[in-house]
1. When only residues in the range 34-62 that are within 19 Å of Phe76 (Cα to Cα) and among the β-branched types (Val, Ile, Thr) count, which is nearest to the chain's Cα centre (by Cα)?
2. For the range 27-42, how many residues meet the condition of being part of a helix (DSSP H, G or I), farther than 16 Å from Cys65 by Cα and of a type in the set (A, V, I, L, M, F, W, C)?
3. For residues in the range 27-36 being surrounded by fewer than 17 Cβ atoms within 10 Å (Cβ to Cβ) and in contact (Cβ under 8 Å) with a residue 12 or more places away in the chain, which is farthest from Glu87 (Cα to Cα)?
4. Need pairs with beta-carbon distance below 6 Å; first residue surrounded by fewer than 16 Cβ atoms within 10 Å (Cβ to Cβ) and within the range 52-77, second basic (Lys, Arg); sequence gap 6+ or separate chains.
5. Return the only residue of Lys20, Lys24, Lys45 being in a helix (DSSP H, G or I), in contact (Cβ under 8 Å) with a residue 60 or more places away in the chain, under 23 Å from Leu86 (Cβ atoms) and not aromatic (Phe, Trp, Tyr).
6. Please list, ordered by first then second residue, the pairs with beta carbon atoms under 7 Å, 6 or more apart or interchain, first in the range 2-13 and closer than 21 Å to Ala49 by Cα, second charged (D, E, K, R) and surrounded by fewer than 11 Cβ atoms within 10 Å (Cβ to Cβ).
7. Can you find even one residue in the range 5-12 that is out of contact with any strand residue (DSSP E or B) (no Cβ under 8 Å at 6 or more places or on another chain) and part of a helix (DSSP H, G or I)?
8. Of (1) modelled with pLDDT under 95; (2) out of contact with any helix residue (DSSP H, G or I) (no Cβ under 7 Å at 6 or more places or on another chain); (3) closer than 17 Å to Lys12 by Cβ; (4) exposed (fewer than 15 other Cβ atoms within 10 Å of the Cβ), Arg46 satisfies all except one. Which?
Amino acid sequence: MNREYNFNVDIKAVVCQNMKIARKLAKIRLEDAAEIFDVTNEHLKRIEAPRDRNNMSIIMLYKACIVYQQDPNFFFRDPNENLKLLEEKERESLYQ
């Protein structure tokens, strides 16, 4: 099987940045999210940090999809795309 795959070597950073963006889109404070996920605030901060060595479990990703009401694909998208979405939502809330 001589097929080449283009794996994103920075996928952990992508998912972690999107975790934080999803939380902000859901308007959930870090402290509240940590309680929901049954982790410490510090642990969740480290999960959301793109360059931290902590890994996130598939269970955490599953819970994040439910709690933040996001499709799993959201977490694998370019964070810049999701940041634009967050900025749009923040602008909308200013005018309401």
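1. Ile47
2. 0
3. Ile36
4. Pairs found: Asp52/Arg46; Asn54/Arg46.
5. Among Lys20, Lys24, Lys45, only Lys24 is in a helix (DSSP H, G or I), in contact (Cβ under 8 Å) with a residue 60 or more places away in the chain, under 23 Å from Leu86 (Cβ atoms) and not aromatic (Phe, Trp, Tyr).
6. Hits for this filter: Ala13/Arg51.
7. Checked against the condition, which is being out of contact with any strand residue (DSSP E or B) (no Cβ under 8 Å at 6 or more places or on another chain) and part of a helix (DSSP H, G or I), the range 5-12 yields at least one hit.
8. Exception for Arg46: condition (4).
The values are calculated or read from the model by the stated rules, or taken from the named source; none is laboratory data. This structure is a prediction, so every number in the text was calculated from the model and none was measured. All Cβ positions, glycine included, derive from the backbone under ideal geometry; neighbour counts span all protein chains shown.
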